[in-house]
Structures are given as structure tokens and as C-alpha cells.
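The values are calculated or read from the model by the stated rules, or taken from the named source; none is laboratory data. Predicted model, so just to flag it, every value in this text is computed and none were measured. Cβ placement follows ideal geometry from the backbone for every residue including glycine, while neighbour counts extend to all protein chains displayed. Just the protein is used for accessible areas: all its heavy atoms, side chains included, with ligands, DNA and RNA removed. Shrake-Rupley method; radii C 1.70, N 1.55, O 1.52, S 1.80 Å.
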Amino acid sequence: QVQLVESGGGLVQAGGSLRLSCAASIRTFSRYTMGWFRQAPGKEREFVAGISWSGESICADSVKGRFTISRDNTKNTVYLQMNTLRPEDTAVYYCAAPPPGRVVTNKVYEYTTWGQGTQVTVSS
């Protein structure tokens, strides 16, 4: 059974940085596209960034130039480096994976395995 565990969230001032990590208990991690999503109170879950098994990455326009997704297949871990954080980035951030072999996508429904989430709070 696939498990995803996020870490690295916290409280940061606007303009600051955080790096989120997601450790995956997947035997064939390198075959999986991985994604980061976020959900703010009262809002729908939204795509943040995704990275394919081959390293192709995409991200939402709202975080382009500020957030970077990366992966280390030797550690079964995907990262989200978040720079120049804004109060509107405040949300619970989730790591997610679709079934193995899928191309990277921003569609929430394509992702079938989810972590428990980590809170990111950006103060103004």
C-alpha cells in the first residue's frame, strides 16, 4: 500500500521561504508522477506543481517563478521549494500521486493517493 508523508510546513513571514518534503513508501517510486496541491479554508483543493517520473515539471501560474518542484528517486522523496511566500499561499499542502506510469497533470481527479497534508501559514 502506497503511503505519502509530508513535512516541512510551518509559519513564515511574507517574503520568506519554506521547503516541503514528501516521503513515499513506494517500491517503484521512479515510475510515479508526483504532485503538490493546496487547500485554503473555504476553498477547493488546487494544483500547485507536478513532476513526472522522467523529470518533466509543470506548475500553476500563481506560483510560477516562486515555487520549484523536484524529486530524488534515491530517497523516494519529492520536494516543493517555496520562495517569496505571500499571505495568499497560506493553506494545507498535500502531496499526491496518480497510478504509476501516468504523465504529469494538474487534474485533481487523476491523483489517487494522498498524504495527510502539512500546514503552511504566511503572515503579512
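Condition check for Met34 on (1) open to solvent by 50 Å² or more (accessible area, probe 1.4 Å); (2) touching a Lys or Arg at 6+ places or on another chain (Cβ under 9 Å): one failure, at (1). Would it be correct to say that Tyr32 is of a type in the set (Ser, Thr, Tyr), more than 14 Å from Val122 (Cβ to Cβ) and within 14 Å of the chain's Cα centre (by Cα)? So Tyr32 fits the description; yes.
Would the stretch 11-29 turn up any residue that is within 19 Å of Gln116 (Cβ to Cβ) and among the charged types (D, E, K, R)? Checked the stretch 11-29: at least one residue is within 19 Å of Gln116 (Cβ to Cβ) and among the charged types (D, E, K, R).
Restricting attention to the stretch 3-46, the residues that are free of Cβ contacts under 8 Å to residues at least 40 places away in the same chain and touching a Phe, Trp or Tyr at 6+ places or on another chain (Cβ under 6 Å) total 0.
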